[in-house]
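The values are calculated or read from the model by the stated rules, or taken from the named source; none is laboratory data. Because the structure is a prediction, the values reported are computed rather than measured. Every residue, glycine among them, receives a Cβ derived from its backbone with ideal geometry; neighbour counts consider all protein chains shown. Accessible surface areas use protein heavy atoms only, side chains included; no ligands, DNA or RNA. Shrake-Rupley method; radii C 1.70, N 1.55, O 1.52, S 1.80 Å.
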Amino acid sequence: MNARIRNNALVLLFMASMAGTTKAQYAWDFGIHLGGANYLGEMGGKELPRRDFIWDMKLSQTRWCVGAFARRKINRLISINSGILYFRIQGADDLSTNPARVGRNLNFRNDMLEWYLRPEFTIFADNDLGGRGRYHTDFRLFGYVGVALYYSNPKSQINHQGDFFSLHDYTTELVNYSHFGLAIPVGIGMHFTIHRRHRIGWDFGWRTTFTDYLDDVSTVYKNYHLMPAGAQALYDMSDFVTHGTQFDTDPAGGLYTQDADNPALPGQEQYGWEGDDDSPGPSKLTENKRGDPTHNDSYLTMTFTYSYVLKGQSNFYRQRYSWMRGKKRIGRKSRAKF
């Protein structure tokens, strides 16, 4: 009976050591992202007022996204992923079907850099895809929510032509917002692991931010006299848009109507800032609506991923074969017994 108990204990001990070895192996993978990015903010969109999530985006404004990452498997259900993404988001009012946005005529692009840290939670896994018994390919579907830090620097062209100017430097709404910000990435992904070493996947993530200035547009038109030189041409570009067709029967001017082939645009007096005699003083002024401060900007990335899985070594391996790596094993000397 004692022999049986001893044998069972040895079997359990062996299985536990093997489990520890397996857990230590194939825990790390290092890889790359390659795909696209887009955003939801004040520019672009359909004919209706702003709608959340993807329903108000312009797919034609999707731009590149590249990056690198490292992932550590904690257990069969949870992994930790950390990486860096470099991507571009952009938008333009002239692509919108909302008349008010078309008449505003603003544009931007923003090359952003992001560092993220996120736990990935397994939703579904199959370590023998196809059920052939060879375990050559496995599959994992996961979801995640984490934290991200980003660098943002929106730029714009004057009437979509010429050089790009850093809008942050011109304080087009008299707000000194930061280049750096915090975002909450939420998303879903999957990957196939082939022969335990090569991992090919797909990743979709939405970032909620705490700023409304990824596109430099948020509130109302401000007094351009208080802005740096050259800001007037960047903060209000409605002058470049034809707001309807003027009737010849009203030479006194001011009468605008709808073009035959275009939607009616709001009158130009609804854009820009007007003060008393156009002076920089605080008396009698009109601050027309420029953006929507009730919603912060957000952005998304969708990428394909490739990573290489490191096999690693267990503690048993390091202790048993450390002499092969040139490290001298030092142990307690034993006395000879006669």
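Working out 0.36 nm times the residue gap between Ala229 and Gln268, then minus their Cα-Cα distance, what length gain in nm do you get to one decimal? Please report the intermediate quantities before stating the final value.
Details: separation 39, 0.36 × 39 = 14.04 nm, distance 2.29 nm.
My answer for the length gained is 11.7 nm.
Can you tell me how much longer the chain between Phe192 and Ile78 gets when fully stretched, taken as 0.36 nm per residue apart minus their C-alpha distance, in nm with one decimal? Don't jump to the answer; show the numbers that get you there.
Numbers: separation 114, 0.36 × 114 = 41.04 nm, distance 1.62 nm.
Gain on extension, Phe192 to Ile78, equals 39.4 nm.
Based on every Cα atom in the range 101-223, Rg and the maximum pairwise Cα distance Dmax equal 21.2, 72 Å.
Roughly how many percent of the accessible protein surface of the range 98-217 is carbon and sulfur, given a 1.4 Å probe and a whole-percent answer?
Working: 3330 of 5560 Å².
The nonpolar share, carbon plus sulfur, comes to 60 percent.
Of the trypsin sites (Lys or Arg not before Pro) found in the range 167-232, the ones in coil according to DSSP and having at most 13 other Cβ atoms within 10 Å of their Cβ are Arg197.
Rounded to whole Å and sorted largest first, what semi-axes of the equivalent ellipsoid does the C-alpha gyration tensor of the range 52-111 yield via the square root of 5 times each eigenvalue? Intermediate results must be reported in sequence, preceding the final value.
On the way: eigenvalues 267, 39, 11 Å².
Each semi-axis is the square root of five times an eigenvalue, giving 37, 14, 7 Å.
Taken over the range 53-164, the convex hull of the Cα atoms encloses 159 Å³ per residue. Shown in residue order for the range 291-301 are the 3J(HN,Hα) couplings computed by the Karplus curve 6.51 cos²θ - 1.76 cosθ + 1.60 at θ = phi - 60°: x, 10, x, 7, 10, 7, 6, 9, 8, 9, 10 Hz (x for Gly and Pro).
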